[in-house]
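The block underneath contains the structure these notes are about, expressed in structure tokens.
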Amino acid sequence: MEVYGRLAQAARPAREYAAAFFRWLLLGAVVGAAGGAVGALFSKAVEYATNLRGENGWLLYLLPLGGLLIVGLYKLCRVSGVGTNEVFESVRAEKGVSILLAPAIFLGTVITHLFGGSAGREGAALQLGGSVATLFGRLFRLSEQDRHILTMCGMSAVFAAVFGTPMAACVFAVEVVSVGRFCSAALFPCIVSASTAFAAAQLFGVEGERFPVALVPAFSAESIWKMFVIAVAGALVSVLFCWAMHTGAHLFQRFIPNEWLRVAAGGVLVVALSLLVGTTDYNGGGISVIERVFVSGDVRPEAFLLKILFTAVTIGAGFKGGEIVPTLFIGATMGGALSLLIGLDPAFGAAVGIAALFCGVTNCPLATVLLSIELFGGEGALFYMLAACISFLLSGCFSLYTGQHIVFSKLREEEIDARGH
């Protein structure tokens with residue numbers, strides 16, 4: 001009987017792990033399927049809006065009107081002022097994300113792209129995922145701790161569907177909310193969710209972004225110092241980008257308190273800037289510009305600075321979208337331009353630049369390495385990891401997300417619980 005009692009006691013944890021496995025397998029798959037469908041529809045809508053604007057250049061002049069539509073939409077859905085930071089907070093606290101945030105950010109981002117605002121898709125992906133997860137958390141009556149994990153699942157799902165990078169999406173959702181505090185319990189649910197969403201998006205015909213790097217240099221002293229130059233520059237530019245984004249929003253709110261006037265003024269300013277530079281390269285996400293750097297090495301040295309300006313004005317004025325595609329644009333053009341100066345293949349330099357920029361603005365080194373491998377292939381993985389770690393350290397506590405907490409110091413083993421800024 002004593003032996004039987006010991007066996008029963010030893011089997012109890014095994015049953016708990018098995019129960020958790022099947023439970024999160026089911027929940028992750030359900031959220032992943034829903035997130036994949038929503039993400040695929042969102043990607044198709046943004047792609048259609050971008051193509052429509054490309055065929056009808058006059059739509060750019062309606063950008064101020066588009067901004068007014070966004071403000072009205074957010075007021076109608078009662079989610080004014082709600083964004084990615086509130087999704088992060090829902091992972092740490094009991095409050096959830098409004099379900100009405102999903103249609104608001106979906107349509108708001110499509111409107112921004114349709115009329116030529118400079119923004120990406122990641123902010124919408126994270127917010128859509130958080131809203132979807134909130135819906136299922138209420139439906140299944142989960143505990144507060146489980147709802148936090150389910151929110152990360154939702155973030156992973158839509159991110160994977162939109163960008164086609166399930167591994168990076170999984171780790172990004174776990175890593176980005178509180179830097180230094182890694183919730184390992186969320187890894188399995190998030191990878192199930194991200195993988196399911198990725199598969200669902202492919203069924204809907206959504207292909208992930210891929211930027212081939214054909215000429216990865218040999219790992220030598222020469223290639224290391226050249227990579228180091230781009231990585232350090234990437235860290236500095238990431239600080240500049242974060243500063244510009246937060247300063248732009250602050251200045252708009254300070255000098256134009258009325259949000260209707262603010263977004264209209266921002267729209268007018270983006271139109272004026274577009275006419276001044278004489279190109280639409282900086283409107284929308286700019287994926288075509290990134291592709292040019294990788295395919296032909298065609299890059300303008302001032303492109304990364306102009307993209308920072310366009311994006312800071314667009315998002316700061318109140319238009320909706322994300323900052324990650326602009327981050328890829330800035331990293332690619334900065335890295336490509338530096339490569340031409342120091343004698344590197346522009347595609348490889350662009351990949352290193354993206355790794356440095358992405359890590360510098362998100363403080364997510366593990367997600368950066370996985371993202372780089374999924375976007376560029378694994379041959380240059382060691383270079384990308386070095387660039388990410390260099391930028392992670394040198395970018396300090398700056399972050400695109402004011403709701404991100406940097407829990408542990410980057411300098412020593414010390415808990416600081418600081419907000420990125």
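Candidates V277, P217, S288 compared by Cα position along the dipole of the range 209-363: farthest toward the positive end lies V277, with charges placed on Cβ. Taken about its Cα centre, the range 287-366 carries a charge dipole of roughly 160 debye when the Cβ of each Lys and Arg holds +1 and the Cβ of each Asp and Glu holds -1. Dipole check for the range 203-323: with +1 at the C-beta of Lys and Arg, -1 at the C-beta of Asp and Glu, and the Cα centre as origin, the magnitude is about 280 Debye. In the context of the full set of protein chains, residues of the range 103-142 present 27 Å² of accessible surface per residue (probe radius 1.4 Å, heavy atoms only). Phi-derived couplings, Karplus 6.51 cos²θ - 1.76 cosθ + 1.60 at θ = phi - 60°, listed residue by residue for the range 52-57: 4, 5, x, 7, 9, x Hz, with x used for Gly and Pro. Amide hydrogen proximity for I416: with H placed 1.01 Å from N in the peptide plane, the residues at 5 or more positions away or on another chain lying under 5 Å are F408, S409. For the listed residue pairs K226/K320; K320/K410; K44/K226; K226/K410, the alpha carbons are over 27 angstrom apart in K226/K320; K320/K410; K44/K226.
Placing one equal scatterer on every Cα of the range 179-257 and applying the Debye formula, the log10 ratio I(q)/I(0) at q = 0.22 Å⁻¹ is -0.95.
Rounded to 0.05, the FRET efficiency of the T402 and L236 pair, given R0 = 25 Å and the Cβ-Cβ distance, is 0.75.
Computing FRET efficiency as 1/(1 + (r/R0)^6) for A199 and E55, where r is the C-beta to C-beta distance and R0 is 35 Å, gives about 0.65. Pairwise Cα distances in the range 73-224 exceed 19 Å for 56 percent of all pairs. At what distance in angstrom do the alpha carbon centres of the range 32-72 and the range 300-345 lie from each other? Here the answer is 21 Å between Cα centres. Between L65 and A19, full extension at 0.36 nm per residue minus the direct alpha carbon distance yields a gain of 11.3 nm. In this structure the range 151-232 gives 37 Å² per residue of accessible area when probed at 1.4 Å with all protein chains present. Distant-in-sequence amide contacts of V179, defined by a placed amide H-H separation under 5 Å and a gap of 5 or more residues or a different chain, comprise H405, I406, V407.
When you restrict to C-alpha pairs under 8 Å that are six or more residues apart and normalise by the size of the chain, the relative contact order lands at 21 percent.
Note that the range 175-192 has calculated 3J(HN,Hα) couplings of 8, 7, 5, 10, 5, x, 10, 9, 7, 5, 5, 8, 4, 5, x, 6, 6, 4 Hz, one per residue in order, obtained from phi through the Karplus relation 6.51 cos²θ - 1.76 cosθ + 1.60 (θ = phi - 60°); glycine and proline are x.
In loop segments of the range 268-321 as defined by DSSP, there are no trypsin sites (Lys or Arg not before Pro) with at most 14 further C-beta atoms inside 10 Å of their C-beta.
Between S80 and K410, the simple spin-label model (points 7 angstrom out along Cα→Cβ) gives 3.6 nm. For the chain, modelled as a GNM whose springs connect Cα atoms under 10 angstrom apart, the maximal fluctuation among F294, F182, F383 occurs at F182. Summing +1 for each Lys or Arg and -1 for each Asp or Glu among the other residues whose beta-carbon sits under 12 angstrom from that of E374 gives 0.
Just to be sure I understand: with springs between alpha-carbon atoms less than 10 Å apart, which residue in G117, G35, G81 has the highest mean-square fluctuation in the Gaussian network model of the chain? Of G117, G35, G81, the most mobile in the Gaussian network model is G81. Rounded to two decimals, the Cα radius of gyration of the range 197-328 over 2.2 N^0.38 Å is 1.28.
At 1.4 Å probe size, with the rest of the protein present, what percent of the exposed accessible area of the chain is carbon and sulfur atoms?
It is 66 percent, rounded to a whole number.
Sequence-ordered 3J(HN,Hα) estimates for the range 240-257 from the Karplus curve with 6.51, -1.76 and 1.60 and θ = phi - 60° stand at 4, 5, 4, 4, 5, 5, 6, 5, x, 5, 5, 5, 4, 5, 6, 8, 10, x Hz, glycine and proline given as x.
Taking loop as defined by DSSP and a crowding limit of 15 other beta carbons within 10 Å, which trypsin sites (Lys or Arg not before Pro) in the range 106-207 fit?
For trypsin sites (Lys or Arg not before Pro) across the range 106-207 that sit outside H, G, I, E and B with at most 15 neighbouring Cβ atoms in 10 Å, the list reads R141, R181.
Largest mean-square fluctuation among G278, G316, G116, in a Gaussian network model of the chain whose springs join Cα atoms under 10 Å apart, belongs to G278. One chain, two ends: E47 and A381. Fully extended at 0.36 nm per residue, the span grows by 117.3 nm beyond their Cα-Cα distance.
Evaluate the Debye formula for the range 134-228 with equal point scatterers sitting on the alpha carbons, no solvent, and hand back log10 of I(q)/I(0) at q = 0.19, 0.23 Å⁻¹, in q order, two decimals. After summing over all Cα pairs, the log10 values are -0.88, -1.05.
The values are calculated or read from the model by the stated rules, or taken from the named source; none is laboratory data. Bear in mind the structure is a predicted one, so any value in this text is a computation, not a measurement. No Cβ is skipped: glycine too gets one built from the backbone with ideal geometry, and neighbour counts run over all protein chains shown. The protein model used for the area step is the full one, side chains on, heavy atoms only, and it has no ligands, DNA or RNA in it. Shrake-Rupley method; radii C 1.70, N 1.55, O 1.52, S 1.80 Å.
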